[in-house]
Amino acid sequence: MRNPDAILFDLDGTLIDSSPGILSSFQQVLETHGLEPAAPLDQRLIGPPLLQTLARLTGLDDADRLAELAAAFKTLYDSEGYRATQPYPGLAATLDALIRADWRLFIATNKRFEPTRRILDHLDLNRYFAGVKTLDRQLPPAADKTDLVGRLLTEQGLDARRCWFIGDSGEDAAAAAAHGLPFIAAAYGYGDAAQQASCPVAARIAALGELPALLKRMRAISPD
């Protein structure tokens, strides 16, 4: 067996801190529509698909009302909010090091395609990735992160035994486990992957810059 040759990344909470723009956009949408938050307006909201998050944030179950709020959020975040996104410290240096080490890099994210595209352009990150997969860019739309990762592996012809998944949420860990990918938990992110007991975690990183050295060590002990 060859050494692992591809890395799949989650986006929000793993590569970028998008919370300032997302949370401020949610706050503005709630204020504009005269709503009070039914859940704390904090980083724990970030990760799931937009309609699911809005249902949790507002406590509403009216599909038409949630669609209205989603449209308002998209307009605000896609035009202004995304610009507040910050790369985690050491992001460019980390991706440069991984490329030099001959890894192929991919993104698999619940984030919609349009803000994903804009953020990657804004932060000059597109050049690092061989592919970017979002739930809403699939036909039919991907059901969840597990479905999305499966499609990415198939379409790119990747062998899960030669790939790693890096993410911050339990959903990321579950998607990796479902496809037999070793999972590295981004303990600095928004999610709870580092505390997950239900899915195997190969390693945890406290900062993104730890990743190249960790993968180098793991690659050295992987069977050929």
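We did not get these values from a lab; they are worked out from the coordinates using the rules stated. Every value quoted in this text rests on a predicted model; they were computed, and no experiment measured them. Quick reminder, even Gly has a Cβ in these numbers, built from the backbone with ideal geometry, and neighbours come from all protein chains shown.
Hey, of [x] 17.5, 59; [y] 19.4, 59; [z] 16.8, 49, which did the structure itself give for Rg and Dmax of the Cα atoms in Å when calculated?
Computed from these coordinates, Rg and Dmax of the Cα atoms in Å corresponds to label [x].
³J(HN,Hα) across the range 206-218 via Karplus (A = 6.51, B = -1.76, C = 1.60, θ = phi - 60°), whole Hz, x for Gly/Pro?
So the Karplus estimates, Gly and Pro as x, are 8, 8, 4, x, 6, 5, x, 5, 4, 5, 4, 5, 5 Hz.
Hey, got the dipole for the range 165-224? About the Cα centre, +1 on K and R Cβ, -1 on D and E Cβ, debye to the nearest 20?
280
Amide H neighbours of residue 204 under 5 Å, counting only residues 5+ apart in sequence or on other chains, H built in-plane at 1.01 Å?
Here 185 satisfy the definition.
Ignoring everything except DSSP H segments at least 4 long, calculate the 222 nm mean residue ellipticity for the chain; use -39,500 (n - 2.57) per segment, divide by total residues, nearest 500.
Working: 8 runs with 92 residues, N = 224.
Mean residue ellipticity at 222 nm (helix-derived): -12500 deg cm²/dmol.
Charges only on Cβ, +1 for Lys and Arg, -1 for Asp and Glu: so what's the dipole of the chain about the Cα centre, in debye to the nearest 20?
Details: 23 positive and 29 negative charges, 180 e Å.
Value, rounded to 20: 860 debye.
So, counting K/R as plus one and D/E as minus one, what does the shell of residues with Cβ under 9 Å around residue 14 add up to?
Combined, the nearby Lys, Arg, Asp and Glu give -4.
Taking H placed 1.01 Å from N in the peptide plane, check which residues at least 5 places from residue 164 or on another chain put their amide H under 5 Å from its amide H.
6, 7, 8
Taking 7 Å along the Cα-to-C-beta vector as the label spot, tell me the residue 65-residue 219 distance in nanometres, rounded to one decimal.
Distance between label points: 5.2 nm.
Determine ³J(HN,Hα), in whole Hz, for all residues of the range 144-149 in sequence, where each value follows from phi through the Karplus function 6.51 cos²θ - 1.76 cosθ + 1.60 and θ = phi - 60°; x replaces Gly and Pro.
After applying 6.51 cos²θ - 1.76 cosθ + 1.60, I find 6, 5, 4, 4, 4, 5 Hz.
Read phi for every residue in the range 160-175 and hand back ³J(HN,Hα) as whole Hz from Karplus 6.51 cos²θ - 1.76 cosθ + 1.60, θ = phi - 60°, with x for Gly and Pro.
Residue by residue, the range 160-175 yields 4, 6, 10, 10, 10, 10, 10, x, 10, 10, x, 5, 4, 4, 5, 5 Hz.
Check cross-link reach from residue 145 to the aspartates and glutamates: straight Cα distance under 20 Å, and skip same-chain residues fewer than eight apart.
10, 12, 17, 114, 136, 155, 159, 168, 171, 172, 192
Name the residue from 205, 18, 35 whose Cα lies farthest towards the positive end of the charge dipole of the chain, charges +1 on Cβ of Lys and Arg and -1 on Cβ of Asp and Glu.
205
Report the label-to-label distance for residue 86 and residue 122 in nanometres (one decimal), using points 7 Å from each Cα along the Cα→Cβ vector.
Roughly 1.4 nm, to one decimal.
To the nearest 10 degrees, how steep is helix 63-79 against the longest Cα principal axis of the chain, on a 0 to 90 scale?
The angle comes out at about 70 degrees.
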